[in-house]
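Notes follow the structure.
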Amino acid sequence: MRKNTLQKHNWKIILLLVVVCSVISIASWEFLFSQNDPSDGIVFRAVAFADAKTVIAVGDSGTVARSTDQGGTWSISHNINRLTTPLNGICFTDPTHGFVVGANGTLLMTTNGGITWINKPVGTSANFRSIFFSDAKTGTIVGNNGFIFRTLDGGSTWLTQASNIRLNLNNVSFVDNETGIIVGDRGTILRTTDGGENWRNFSSSFIMYNFYSISFSELNNAIIVGANGTIIYTTNGGENWTLEPSGTTETLFCNVFPSTNFSAVVGNAATILVSYTKGTNWLRQKSSTRKALLSAAFTDAKIGVAVGANQTIIRTTDGAISWEASTLILEKSIELSIAELLPRDRYPKNNIAVAVGANGTLFQSKDFGANWIKMTGKSENTLMSVTSIDQTSMIAVGNGGVVLRSDDAGTTWTPQISTTSRPLFRACFTYNDSGIIVGDYGIMLKTTNGGTTWSKISSGTINHLRDIVFTDNQTGIAVGAMGTILITTDRGTTWTSQVSGTSSWLNAVSPVDKSTFITVGADGTILRTTNKGTTWTAQPSGTTKELLNVSFSDTANGFVVGIEGTILRTQNGGTKWTALEIESTNDLRAVQFFDKQQGIIVGTNGTILRTIDGGTSWQKVETDFPLTLFGLAIN
């Protein structure tokens, strides 16, 4: 067979057959990366195994399907987190931690194996097409118009990298943290050997088909597939590429390596190809569908799944020789609220804490509270509290109706219009864009756009409200003056008063688990509910001092702080409390925990206390802050 060698930027293609090349049709491009008409059925666009049994597929209209039996049966939920855009890529770093990317800059994270997902803003509206993590910390996202984003901290922050092209990038894969390849439209091949600091363009003007998938079998061996049945492979890490006959002209969307020698490819018109020689000598296999297949994943050399158009999911247990349709079960659409996860579980914690206080004070720590720096604020009004929305976003509220938002974990802050001049005490977000603020005289403000605008809603009371928390995406609890406890079961639209059994002021409320909550207040008051706030029972606190805040590090261990250096601790979920002795007599205003061991307390006269042993002992952090710190949030 005649071989032709073309060279550009040190890139060689050895032709094993003569082909005529052209650009992929617009119809195929739209099918892969644009929203499918719901009447045609959901298109699954990506699939990945989290562990040997758990596999997740994602697709149109924010659809997520999850299987815990290696793809035999699936539970499907549409519009997770109220998303309506396509989800295009998925990657797991371990059995619990995973990421999904999609249109309009969508990035979702899971910390529980795909049961629930958290929105993670990246700060762009770019359409993301693929995500790949080479280890737990190091990941890359690619998308439209040559966009490349890189994280070195497990997805907490993302920085752009220069691709120097404007073509769409469709897939990315790395063999280690430094060496990776990106493929895209019109034969685009980009390669890096320095973690993306520089991307070399290995594209050739000879092959102009769109490339859709890149996969490594080992350090130097990789396969790229694309339009018109195109398959090329390398045996030297991407310096040279060989065009291999596929036996089809169908568009190929995905290739995977279940083992070093065994590769599987899926594509349009139910195409399934296998190679047992590292990407040469391809054989076509029969599938149990006629639908386009867009992605595939294997847990070993035998068991794999392929997904595609019209909610297609098929499964093999014999190494892609035969395939059968999986059983799909439609579940209620997931509208995951931040409130549905306890504060300690909402997102992977980093080491950042923010404290707020008198005269618009804003302080930030980036080392679990060991050291603090003052940040530039936008208000001189006292800030009463600060709330984490996600890993980067925070809301601070205070006197004069002040509302400030940060989208960089507390480094910079932007004022928001609250429509009130009354003191505001606490914000709670049920979704990244939906939240409620409570304040004096029963004030409640609600936003559905991340705080860009706030509107007043009726709380049904004129009593001052001091704290608010949501138990799930429907049910919330607010507490305040004269023993006020309010409950909503419709996302805050209406509120009803509950019997608290006390006339003492209630200053704070915190979840223990998804049904159990603790509220604390004046006169040493501690109340506990085990039915999401319907009924409350007084718990002995052993003190008559005013209690100002409460927080739990897990379902057993919790802490209450109050005036004159009061610290109470429970180790049984809040039914028994014991006092801890500390040297400070300053009022302690807020307490929060990073994890089961590391926590922070703030209070008057700039008091900051820190524990690294689960709260058994508390050490004073030396600061030069003379002002009272009222609020605290960890991120």
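The values are calculated or read from the model by the stated rules, or taken from the named source; none is laboratory data. Predicted, not measured: the structure shown is a model, and the values here were computed from it. As a convention, Cβ positions derive from the backbone with ideal geometry for all residues, glycine included, and neighbour counts pool all protein chains shown. Heads up: the accessible areas ignore ligands, DNA and RNA and are worked out on the full protein's heavy atoms, side chains in. Shrake-Rupley method; radii C 1.70, N 1.55, O 1.52, S 1.80 Å.
Listing for the model above:
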item	result
Strands (runs of 3 or more DSSP E) enclosed by segment 1-112 - at least 3 residues per element that are surrounded by 14 or more Cβ atoms within 10 Å (Cβ to Cβ), modelled with pLDDT of 85 or more and in contact with a strand residue (DSSP E or B) (Cβ under 7 Å, 6 or more places away or on another chain)	44-49, 55-59, 63-67, 73-77, 87-92, 98-102, 107-110
Segment 587-613, residues that are outside any strand (DSSP E or B), touching a Ser or Thr at 6+ places or on another chain (Cβ under 8 Å) and buried (at least 18 other Cβ atoms within 10 Å of the Cβ)	D587, Q598, T604, G606, T607
The lone exception for A522 - which of (1) closer than 28 Å to T607 by Cβ; (2) touching a Phe, Trp or Tyr at 6+ places or on another chain (Cβ under 7 Å); (3) surrounded by 22 or more Cβ atoms within 10 Å (Cβ to Cβ) it fails	(3)
Residue among V403, V479, V386, V438 that is over 22 Å from the mean Cα position of the chain (by Cα), closer than 25 Å to G123 by Cβ, of a type in the set (V, I, T) and open to solvent by less than 10 Å² (accessible area, probe 1.4 Å)	V403
Strands (runs of 3 or more DSSP E) enclosed by segment 220-310 - at least 3 residues per element that are closer than 18 Å to F132 by Cβ and not β-branched (V, I, T)	252-256, 293-298
Matching strands (runs of 3 or more DSSP E) fully within segment 119-166 where at least 1 residues are free of Cβ contacts under 8 Å to residues at least 12 places away in the same chain and either over 17 Å from the mean Cα position of the chain (by Cα) or surrounded by fewer than 21 Cβ atoms within 10 Å (Cβ to Cβ) (or both)	159-161
Positions within segment 329-376 being modelled with pLDDT of 50 or more, of a type in the set (G, A, S) and surrounded by fewer than 19 Cβ atoms within 10 Å (Cβ to Cβ), in sequence order	A370
Matching residues in segment 619-635 - criterion: being open to solvent by less than 50 Å² (accessible area, probe 1.4 Å), of a type outside the set (S, T, N, Q) and outside any strand (DSSP E or B)	V621, F625
